[in-house]
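*Asks:* This is the structure, below, for whatever I ask next.
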Amino acid sequence: MTEHYLASYLEETLPSLGLDYETYGPYVTGLFPIDEDGADADDEGIDDIVQLLQSSSETHADDDEVWQSLQKEILKRKKEYDYLETRRKEDDAISGKKIALEKARQALESAKIENTQNLEKKQRAAPSGDDAKRIAALVEQYGYADPDEDKDESSAKKKKGAGDETVVNDNRENARQLEKARTANVRHEASKAHQVKLSAREATKQQKADKIKAKEERRKKASKGERKR
């Protein structure tokens, strides 16, 4: 499986901010699937994720600046990745067309060579002038020419031309099937990203609620201590 383009950066950065990469890294990488087809970064989604990370940090929860820097760096790396992916896909498309054209050219070239070879065989097998006259005289006297021979030769040429066209059609069908599979995969990854964003929002709400509850319990304990005195 291909490593996510943010993985190495998050593995190094999150621990320095008091977070475990294995726990919180997937929230970020899940928001930007690597198979997504050049979509813009989800600003609302990344806001929720960064809020979750900040509220979960044991060391930098109150440092807003460091989390703003983290968000900017993530979006910057996303933009760079999208640009490189666009260039790569354009190059792949050009290469695919070149390969398809080359295969079609080779098929046509093979057909020409085979046709030339067949013509040469027929020419070598053709009788000389005197032999042709004797054969023609014998046919006129004892036999007749077979009209189906011309039909068979014409049918063979048509089948050969159809074979060349089939090669090109097969290439087009394969390209359509690949594009269909890629589109289905993109939709699947987009659905995963949406689920990650919803999970992040819920986790952020729970983190905030837990912190408020903890502060309230500390306040109550402090009040009881004062009354005992």
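*Asks:* Using beta carbons and a limit of 8 Å, which pairs, at least six apart or on different chains, have the first residue in region 187-214 and polar (S, T, N, Q) and the second one open to solvent by 50 Å² or more (accessible area, probe 1.4 Å) and assigned to a helix (DSSP H, G or I)?
*Replies:* As it stands, the answer is 199/27; 204/51, since those pairs meet every condition given.
*Asks:* Then there's this: Mind listing just one residue for me: the one in region 109-134 that is at pLDDT 85 or above and of a type in the set (A, V, I, L, M, F, W, C) and, of those, nearest to residue 34 (Cα to Cα)?
*Replies:* Step by step, filter region 109-134, then rank; the result is 111.
*Asks:* From the list 170, 152, pick out the single residue that is surrounded by 11 or more Cβ atoms within 10 Å (Cβ to Cβ), more than 30 Å from residue 27 (Cα to Cα), under 49 Å from the mean Cα position of the chain (by Cα) and at pLDDT below 75.
*Replies:* Values: 152 fails: surrounded by 11 or more Cβ atoms within 10 Å (Cβ to Cβ).
None of the others qualify; the one that does is 170.
*Asks:* Return the total of residues in region 1-30 being open to solvent by 30 Å² or more (accessible area, probe 1.4 Å), touching a residue at least 60 places away in the same chain (Cβ under 8 Å) and either aromatic (Phe, Trp, Tyr) or over 19 Å from residue 55 (Cα atoms) (or both).
*Replies:* Qualifying residue count for the region: 3.
*Asks:* Between a residue in region 63-92 that is on the phi < 0 side of the Ramachandran plot and any residue that is part of a helix (DSSP H, G or I) and open to solvent by 70 Å² or more (accessible area, probe 1.4 Å), which pairs come within a Cβ distance under 9 Å, given they are 6 or more apart or on different chains?
*Replies:* 67/51; 75/43
*Asks:* Residue under question is residue 197, and the condition is that it be modelled with pLDDT of 75 or more and either in contact with a helix residue (DSSP H, G or I) (Cβ under 8 Å, 6 or more places away or on another chain) or within 15 Å of residue 32 (Cβ to Cβ) (or both); does it hold?
*Replies:* On the way: modelled with pLDDT of 75 or more: yes; either in contact with a helix residue (DSSP H, G or I) (Cβ under 8 Å, 6 or more places away or on another chain) or within 15 Å of residue 32 (Cβ to Cβ) (or both): yes.
Spelling it out, residue 197 is indeed modelled with pLDDT of 75 or more and either in contact with a helix residue (DSSP H, G or I) (Cβ under 8 Å, 6 or more places away or on another chain) or within 15 Å of residue 32 (Cβ to Cβ) (or both).
The values are calculated or read from the model by the stated rules, or taken from the named source; none is laboratory data. Predicted, not measured: the structure shown is a model, and the values here were computed from it. Methodologically, a virtual Cβ is constructed for each residue, glycine included, from the backbone with ideal geometry; neighbour enumeration extends over all protein chains shown. Accessible surface is based on the protein model in full, side chains and every heavy atom, while ligands, DNA and RNA are left aside. Shrake-Rupley method; radii C 1.70, N 1.55, O 1.52, S 1.80 Å.
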